[in-house]
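Beneath this line is the structure, given in structure tokens, with notes to follow.
The values are calculated or read from the model by the stated rules, or taken from the named source; none is laboratory data. Keep in mind the model is a prediction, meaning the values are calculated, not measured. Here the Cβ is made from the backbone with ideal geometry for all residues, glycine too, and neighbour counts use every protein chain on show.
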Amino acid sequence: MAHAYTPGLKVTEQTTIQKVRRLPLLGDVLVKVGDMVNPDDVVAKTDLPGNPMSMNVAHDLACEPEDVPLHMLKKQGDKITKGEVIAKASSFFGLSKKELKAPIDGSVELISGVTGQVTLREPPIPVQIKAYIRGKVVEILPREGVIVETTAAFIQGIFGIGGEVQGQIKLIAKTPSDVLDASSLTPDCKGKIVVGGSLVTGAALKKAIEVGAVGLVAGGIVDADLIALLGYDIGVAITGHEDIPITVIVTEGFGQIKMADKTFNLFKNIDGEVASINGATQIRAGVMRPEIIVPEHKPVGRLAADTSSEGLIPGTPIRVIREPYFGVLAEVVDLPPELQVIETEAKVRILRCKLEDGRVVTVPRANVEIIEG
Amino acid sequence: MSENSHGAKYNLDREINSILATDCGSTTTKAILIEKVDGEYRLIVRGEAPTTVEKPFEDVTAGARNAIREIEELTGKRFLDDKGVINPRRPDGSGVDIYLSTSSAGGGLQMMVAGVVKIMSAESAQRAALGAGAIVMDVISIDDGRLPYQRIQRIRHLRPDMILLSGGIDGGTMSHVAQIAELISAAEPKPRLGIGFKLPIIYAGNKDARGYVSKILGEKTDLRMVDNIRPVLEREVLGPAREEIHNLFMEHVMAQAPGYDKLMKWTPVPIMPTPGAVGLGMQNAAKEHKMSVIGVDIGGATTDVFSVFGEEYELFNRTVSANLGMSYSICNVLLESGVANIMRWVPFSIDEADLRNRIRNKMIRPTTIPQTLDELVIEQAISREALRLAFIHHKSLAVGLRGIQQIRDIGAAFEQSMTGQSHIDLMKLGMLIGSGGVLSHAPRRVQSALMMLDAFQPEGLTQLAVDSIFMMPQLGVLSTVHPQASAQVFDRDCLIRLGTAIAPVGPGREGEHSVIVRGTLPDGREVNEEVKYGQMRLIPLGEGQTAEFHIQPARSFDVGAGKGKAITQKLLGGVVGVIVDARGRQPFGLPVDKATRIKKLLEWIESLDVYPREVLARYSAK
């Protein structure tokens, strides 16, 4: 295959970001091309059909299903209000009377003479889609949504949980190796996105929620702490819809792993600025990684050249992403073209790289990712 | 058949000399070229490229072109022009006689099924959907234990590609299936692809209820009517429903997926869902070789299990365990099996927290490969559990019709047989075929053999094979237009024969006599192996070789002829050989005590030469 390595995660101080903001059903777009929008601005809205409810009228009135339409006081499509009598039946020459009241506000959708069921529906549920990032509307997807564009500093994480939030970046770690523990989280973290170094501890996660931080970013997290936070285990790598009050993003992986210098340095540059972040991760075809976006960030100093398109060449900065050098940063030394037998006896394409401690080691190309920018 | 973009209709009366087939998988598009060589169809070359359904390409034909271009480069021939694959072949030699494709890109075919009774019409509907190659997202039935509002919520939440609705026998009561139709109507389900499109619903229930179902669902959905899948209780008719699923797959799912409109014009043969084509391939294999077959495909996200049993190999079943896989859903294997079940296959100790972090890191970086032997051993241990769980799931669905009356003679009455009995009889299993990265690319083939033995525990005599490059999908779809070419390539180029396993069935005690295997190998060497309970042995018998063996089980063991009864049979060799697995079946148990278990695992690893010894010793010593 053309790409025998894992494409790296994007970490860049300035790039153009486009976000597609799409409704779940067709609806109305509320903005036009050229409009400037803020994260909380509603750009499109629609109404989802209200929640339906089935009533077993034949059972409740003790009648045959085919008699249900006769006993209904409302027709299909009629509006109903909670508590209103909607069906009535009498038996024993009127001695015994039964009435059914509407349990909800809404309308009668279906009266079935076959099953004896009546379907009621609550009023439509309005759904709004917000802009998520500050930027300009560059395209309208008729009745579906919009595309918002901005120039921003952009960091992709490797894994995250929790949805879209906005907040001010607060870099707590002094170095990319620092561990973010509970004592570093103070009340002034409220509403902020706090950034640690190599690890966020379980206690720090709890404390971050306690003080009201909206987001938390670190190099690594321990598997057991993630489970403790969620109250359940994540089996399949689809996240973003967790019911938690904080969005958590790890940039490197599971366990204690030093944050890449490049990522850490960028956090230094965006410290104090307002970011839009999303923990949603989906790992399969059409990979989705968690993201930190700082719209309209003014780059500090000169921008480094973008090396991402060149692929692996000698000198490319990489991270090894599998044992025995998991998490270690390195630089490509050379890329022998021939297949080589590794310890498992598999014959694979490899590269040689220089680790941070100066050792030069052999690693399968599939086990490195480029630190992109 | 419709015309392709070159205006071709396949005329199979003329001679077919070259066939090109692609499988557009969720991550990789694989192309194979088959040509007639000396009167036989053979695989000539293969090519692959990343699938391009997602951004930035959003056109499946780009990946298909790249994979075919690799074949062009390797053969020096031309197969593509600006309209697509050139077919039929041109006088200048460019192009092929037949081009076809399968696809599971973009999440494959995702369905929801609904029926009246869980173990009857709903189960039949599930079998119809799975057999057609779908992932079944949920099964709704009147007796599924959920309240109506919970069912409605679930239907609303899922966005399947289509729903298969069944229930009631023809002429029977209508009210139950009508109730399910009303639930679906209330939920107003939307399709996964194509905002603003109506969701396709196939109605395959009581034909008397068609009018009412049309009234309820006709306007809101794209409703199709097919024959009842359970016209009477005692009969299951899956064909028409499966055919309609395939039609809708082409019309709705494929037509919405990026670039498929172009791909569909490249060939007059409908594009088949990949697992549906694999199922066809498995059925053909069983009929061709006249033996029952179990096949498994373990991927990154899902594990598919196929089985073909029965006197006429008519009992075909497929299941897909949607969340058992080796990368994307590897953490779910950990969740479902537990750490202890994974570690029982590992012959050294590892810290549990470390193991869990390693597995999670594999999930978030799924394309990495084990560099060290301990990582390989752990990955293969996880695959054993994924395969074992997927097989349990398969056995639960590969059963006869349930809830029906059986006419019994006096003998059957004593057998206490019930309805819904499993179709899976491991003693009757003839061949076990494995595919998917962890099985197809294991550094030593014996590792694949042992993974399959541990996970499936075949009984008696069973051939073991792996699909070398996973070309079963292409061969499956090819069998619909050219069965002969499909069968010849399957036999000669598709499978890597690992050998044959001899597994005596019965309880025993460690060190007790279990089986004696005698025979003469093709090179004249005599084999006379006595294998004790708890041991494994490898008898060398190479690829393409056969040898006759006399297999004498001990009194309490059965190898297929009954307890203590000998069998004399010609066995097929392979790249591994003949494996005598006397570790016991029914029950098979690993020692509970950790030290004893590790000792036993190391003994088996040594008997079969599974891993490089010195390297393994280093990890065991840690």
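With the requirement that a residue be more than 14 Å from A:G220 (Cα to Cα) and not in a strand (DSSP E or B), what does segment A:177-202 give you? The answer is A:A182, A:S183, A:S184, A:L185, A:T186, A:P187, A:D188, A:C189, A:K190, A:G191. Working only within segment A:101-115, note down all residues that are among the basic types (K, R) and within 11 Å of chain B (Cβ to nearest Cβ). Those that are among the basic types (K, R) and within 11 Å of chain B (Cβ to nearest Cβ): none in segment A:101-115.
From A:I283, A:I238, grab the single residue that is closer than 27 Å to A:E323 by Cα, within 13 Å of chain B (Cβ to nearest Cβ), touching a residue at least 40 places away in the same chain (Cβ under 8 Å) and surrounded by 19 or more Cβ atoms within 10 Å (Cβ to Cβ).
Details: A:I238 fails: surrounded by 19 or more Cβ atoms within 10 Å (Cβ to Cβ).
Of the residues listed, the single one that is closer than 27 Å to A:E323 by Cα, within 13 Å of chain B (Cβ to nearest Cβ), touching a residue at least 40 places away in the same chain (Cβ under 8 Å) and surrounded by 19 or more Cβ atoms within 10 Å (Cβ to Cβ) is A:I283.
Of all residues being of a type outside the set (F, W, Y), part of a loop (DSSP other than H, G, I, E, B) and more than 42 Å from the chain's Cα centre (by Cα) in segment A:93-114, which is surrounded by the most Cβ atoms within 10 Å (Cβ to Cβ)? Just the residue, please.
Taking segment A:93-114 as the starting set, the residues that turn out to be of a type outside the set (F, W, Y) are A:94-114.
Among the residues that remain, those that are also part of a loop (DSSP other than H, G, I, E, B) are: A:94-95, A:102-105, A:112-114.
Applying the additional criterion that residues be more than 42 Å from the chain's Cα centre (by Cα) yields A:94-95, A:113-114.
Working: A:G94: 7, A:L95: 7, A:G113: 16, A:V114: 21.
Selected residue: A:V114.
Taking the listed residues A:K174, A:K170, the one that is away from chain B (no Cβ under 14 Å), in contact with a Cys (Cβ under 9 Å, 6 or more places away or on another chain) and not in a helix (DSSP H, G or I) is A:K170, with no other qualifying.
In a residue-by-residue description of segment B:228-244, the property of being farther than 30 Å from B:M326 by Cα, modelled with pLDDT under 90 and basic (K, R) applies to at least one position.
Do any strands (runs of 3 or more DSSP E) entirely within segment B:96-194 hold 3 or more residues that are more than 14 Å from every other protein chain (Cβ to nearest Cβ) and in contact with a Ser or Thr (Cβ under 6 Å, 6 or more places away or on another chain), and if so, which? Steps first, please.
Values: elements: B:98-103, B:109-115, B:134-141, B:162-165.
Of the strands (runs of 3 or more DSSP E) lying wholly inside segment B:96-194, those with at least 3 residues that are more than 14 Å from every other protein chain (Cβ to nearest Cβ) and in contact with a Ser or Thr (Cβ under 6 Å, 6 or more places away or on another chain) span B:98-103.
Can we say B:L109 is closer than 21 Å to B:L401 by Cα and in contact with a helix residue (DSSP H, G or I) (Cβ under 8 Å, 6 or more places away or on another chain)? Answer is no for this residue. A single entry from B:I169, B:I142 fulfils the requirement of being farther than 17 Å from B:R235 by Cα and of a type in the set (A, V, I, L, M): B:I142.
Given the criterion touching a Leu at 6+ places or on another chain (Cβ under 8 Å) and either more than 12 Å from chain B (Cβ to nearest Cβ) or under 18 Å from B:R356 (Cβ atoms) (or both), identify the matching residue among A:V222, A:V214.
On the way: A:V214 fails: touching a Leu at 6+ places or on another chain (Cβ under 8 Å).
Exactly one of A:V222, A:V214 is touching a Leu at 6+ places or on another chain (Cβ under 8 Å) and either more than 12 Å from chain B (Cβ to nearest Cβ) or under 18 Å from B:R356 (Cβ atoms) (or both), namely A:V222.
Output the helices (runs of 4 or more DSSP H) that fall wholly within segment B:258-376 and possess 3 or more residues being within 14 Å of chain A (Cβ to nearest Cβ), or say none. Helices (runs of 4 or more DSSP H) meeting the threshold: B:330-337, B:352-364.
I need the full set of residues from segment B:512-538 which are loosely packed, with under 15 Cβ neighbours inside 10 Å and within 19 Å of B:D581 (Cβ to Cβ), in order please.
Residues of segment B:512-538 that are loosely packed, with under 15 Cβ neighbours inside 10 Å, as a first pass: B:520, B:522-526, B:528.
The one that is loosely packed, with under 15 Cβ neighbours inside 10 Å and within 19 Å of B:D581 (Cβ to Cβ): B:N528.
Could you tell me which of the residues B:V37, B:V53 is modelled with pLDDT of 90 or more and more than 19 Å from B:V477 (Cα to Cα)?
Values: B:V53 fails: modelled with pLDDT of 90 or more.
One residue alone meets the criteria, B:V37.
Got at least one residue in segment B:286-293 being surrounded by fewer than 21 Cβ atoms within 10 Å (Cβ to Cβ) and more than 30 Å from B:L572 (Cβ to Cβ)?
Keep residues of segment B:286-293 that are surrounded by fewer than 21 Cβ atoms within 10 Å (Cβ to Cβ), which gives B:287-291.
Add one more test, that the residue is more than 30 Å from B:L572 (Cβ to Cβ), and what stays is none.
Checked against the condition, which is being surrounded by fewer than 21 Cβ atoms within 10 Å (Cβ to Cβ) and more than 30 Å from B:L572 (Cβ to Cβ), segment B:286-293 yields no hits at all.
Among the residues of segment A:348-373, what is the count of those that are acidic (D, E) and free of Cβ contacts under 8 Å to residues at least 40 places away in the same chain?
Residues of segment A:348-373 that are acidic (D, E), as a first pass: A:356-357, A:369, A:372.
Now narrow it down to the ones that are free of Cβ contacts under 8 Å to residues at least 40 places away in the same chain: A:356-357.
Qualifying residue count for the region: 2.
Hey, could you check segment B:432-465 for residues that are out of contact with any strand residue (DSSP E or B) (no Cβ under 7 Å at 6 or more places or on another chain) and outside any helix (DSSP H, G or I) and say which is surrounded by the most Cβ atoms within 10 Å (Cβ to Cβ)? So that I can check it myself, show each step before the final result.
Of all residues in segment B:432-465, those out of contact with any strand residue (DSSP E or B) (no Cβ under 7 Å at 6 or more places or on another chain) come to B:437, B:441-444, B:446-447, B:450-451, B:454-455.
Retained after the next criterion (residues that are outside any helix (DSSP H, G or I)): B:441-444.
Values: B:H441: 14, B:A442: 24, B:P443: 20, B:R444: 19.
Ranking the candidates gives B:A442 first.
So is B:L541 part of a loop (DSSP other than H, G, I, E, B) and surrounded by 23 or more Cβ atoms within 10 Å (Cβ to Cβ) or not? Here the answer is yes, as B:L541 does meet what is asked. Of the candidates B:K207, B:K215, B:K198, the single residue that is within 12 Å of another protein chain (Cβ to nearest Cβ) and more than 27 Å from the chain's Cα centre (by Cα) is B:K215.
Of these, A:V33, A:V37, which one is surrounded by 20 or more Cβ atoms within 10 Å (Cβ to Cβ) and not assigned by TED's automatic domain parsing to the domain that holds A:L110? Even if it seems obvious, please write down each step before you answer.
Numbers: A:V33 fails: surrounded by 20 or more Cβ atoms within 10 Å (Cβ to Cβ).
It is A:V37.
Among the numbered conditions (1) under 30 Å from A:V250 (Cβ atoms); (2) away from chain B (no Cβ under 12 Å); (3) surrounded by 13 or more Cβ atoms within 10 Å (Cβ to Cβ), the only one that A:L61 does not meet is (1). Go through the residues of segment A:363-372 one by one and say whether even a single one is at pLDDT below 90, within 19 Å of A:E252 (Cβ to Cβ) and assigned to a helix (DSSP H, G or I). The answer is yes, given that some residue of segment A:363-372 is at pLDDT below 90, within 19 Å of A:E252 (Cβ to Cβ) and assigned to a helix (DSSP H, G or I). Can you tell me which residue is surrounded by the most Cβ atoms within 10 Å (Cβ to Cβ) among those in segment B:24-51 that are within 13 Å of chain A (Cβ to nearest Cβ) and in contact with a Cys (Cβ under 9 Å, 6 or more places away or on another chain)? Among those residues, the one meeting the criterion is B:T51.
Condition check for A:H71 on (1) touching a strand residue (DSSP E or B) at 6+ places or on another chain (Cβ under 6 Å); (2) within 14 Å of chain B (Cβ to nearest Cβ): one failure, at (2).
Only one residue in A:G197, A:G162 is away from chain B (no Cβ under 14 Å), buried (at least 23 other Cβ atoms within 10 Å of the Cβ), in contact with a helix residue (DSSP H, G or I) (Cβ under 9 Å, 6 or more places away or on another chain) and farther than 30 Å from B:V177 by Cβ. Which one? A:G197 is the lone residue from the list that is away from chain B (no Cβ under 14 Å), buried (at least 23 other Cβ atoms within 10 Å of the Cβ), in contact with a helix residue (DSSP H, G or I) (Cβ under 9 Å, 6 or more places away or on another chain) and farther than 30 Å from B:V177 by Cβ. Taking segment B:200-212 as the range and being more than 21 Å from B:G239 (Cα to Cα) and in contact with a helix residue (DSSP H, G or I) (Cβ under 9 Å, 6 or more places away or on another chain) as the test, only B:Y212 passes.
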